[in-house]
1. Give the number of residues within the stretch 186-202 that are at pLDDT 95 or above and either small (Gly, Ala, Ser) or open to solvent by less than 40 Å² (accessible area, probe 1.4 Å) (or both).
2. From LEU115, LEU100, which residue is surrounded by 17 or more Cβ atoms within 10 Å (Cβ to Cβ), in contact with a Leu (Cβ under 6 Å, 6 or more places away or on another chain) and assigned to a helix (DSSP H, G or I)?
3. Would you call VAL220 β-branched (Val, Ile, Thr), under 20 Å from LEU77 (Cβ atoms) and either at pLDDT 95 or above or open to solvent by less than 70 Å² (accessible area, probe 1.4 Å) (or both)?
4. Quick one: would you say ILE215 is open to solvent by less than 50 Å² (accessible area, probe 1.4 Å), closer than 20 Å to GLU48 by Cβ, β-branched (Val, Ile, Thr) and at pLDDT 95 or above?
5. Answer yes if at least one residue in the stretch 30-46 is of a type in the set (Lys, Arg) and either modelled with pLDDT under 90 or under 16 Å from the mean Cα position of the chain (by Cα) (or both), and no otherwise.
6. Got at least one residue in the stretch 149-159 being under 22 Å from PHE59 (Cβ atoms), buried (at least 23 other Cβ atoms within 10 Å of the Cβ) and in contact (Cβ under 8 Å) with a residue 12 or more places away in the chain?
Amino acid sequence: MGKPLLFEILEKPATSCIIGICSIIWFYIQNKNIGYGNVGLSYETAIEGHHWRIITSAFSHISVIHLVFNMSALWSLGVVEKLDHMGLGLEFYLHYTILLVVLSGMLVLGIYHLLIHKFKLDYFRRVTAVGYSCVVFGWMTILAVKQPSSKLELFGFLSLPISFAPFESLIFTSIIVPQASFIGHLSGIIVGYSIAWGLIHGMNNYWALTMLGWIIFVFVFSLKRSGAFDFNFIEIEPVTDASLPSVGFIASGNGRTLQMSTLQLGGAELV
């Protein structure tokens, strides 16, 4: 007989919170009929200054199957939070989840840039990616290196050896789910190996909080700059060099309006 769910939640607090956040966002998206084009990440929207989409795309899911698959895998990978004796644990999980979200999103954009400008594949300008799979594949890879004897449990009955899970899942999802983002999943695997092999290291509370602060600043600033959300209390004014904006706070009402525009999209990729 397995452990009670409440006990499991207490053992995996960060994983439980992320699953809760993704589920609430999914419910909100469904309730408000928000399309993937309004929250997803694409090359075109990124070069237009919608940098906030690196964050919103990671935590947004369009279908319930998409959400359940990612959260089921994430729940199994939450075992990382309990591996303090292996140099992992809760702090490691939180620190490198921040890195996985940002770096995998940036790597996706970098690969799109290469495909568009080097190989002239303009299709990738408008491909829009949504989902937490980049991070899931990243943690899958880290666990495969750090604890290859582990197993990845999916849906409570499917079990995969973690040592093969990243590439097994990469191939499986690409075949079974045509909309699955091969590039997004591969980006998560690359960043995961970079962390597991120590190519990316040195994260601690100071750097995690500093990075989180910059993420929040860029998120809010790019939301305001792109016009996607009306922050009436923030005013962007030109300075001596018109290309360098300044941020100031002014007294005004607190009305906020979510503005959504219909985008010409080349397709959606689930990550």
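1. 9
2. Details: LEU100 fails: in contact with a Leu (Cβ under 6 Å, 6 or more places away or on another chain).
The match here is LEU115.
3. Working: β-branched (Val, Ile, Thr): yes; under 20 Å from LEU77 (Cβ atoms): no; either at pLDDT 95 or above or open to solvent by less than 70 Å² (accessible area, probe 1.4 Å) (or both): yes.
No: the conditions fail for VAL220.
4. Details: open to solvent by less than 50 Å² (accessible area, probe 1.4 Å): yes; closer than 20 Å to GLU48 by Cβ: yes; β-branched (Val, Ile, Thr): yes; at pLDDT 95 or above: yes.
So ILE215 passes the test.
5. No, there is no match, as no residue in the stretch 30-46 is of a type in the set (Lys, Arg) and either modelled with pLDDT under 90 or under 16 Å from the mean Cα position of the chain (by Cα) (or both).
6. Step one: filter the stretch 149-159 for residues under 22 Å from PHE59 (Cβ atoms), giving 152, 154-155.
Imposing the further condition that a residue be buried (at least 23 other Cβ atoms within 10 Å of the Cβ) reduces the set to 152.
Filter once more, so that each one left must be in contact (Cβ under 8 Å) with a residue 12 or more places away in the chain: 152.
Checked the stretch 149-159: at least one residue is under 22 Å from PHE59 (Cβ atoms), buried (at least 23 other Cβ atoms within 10 Å of the Cβ) and in contact (Cβ under 8 Å) with a residue 12 or more places away in the chain.
The values are calculated or read from the model by the stated rules, or taken from the named source; none is laboratory data. Note that the coordinates shown come from a computational prediction; the quantities given were computed from them, not determined experimentally. Methodologically, a virtual Cβ is constructed for each residue, glycine included, from the backbone with ideal geometry; neighbour enumeration extends over all protein chains shown. The accessibility values were calculated without ligands, DNA or RNA, using every heavy atom of the protein model including side chains. Shrake-Rupley method; radii C 1.70, N 1.55, O 1.52, S 1.80 Å.
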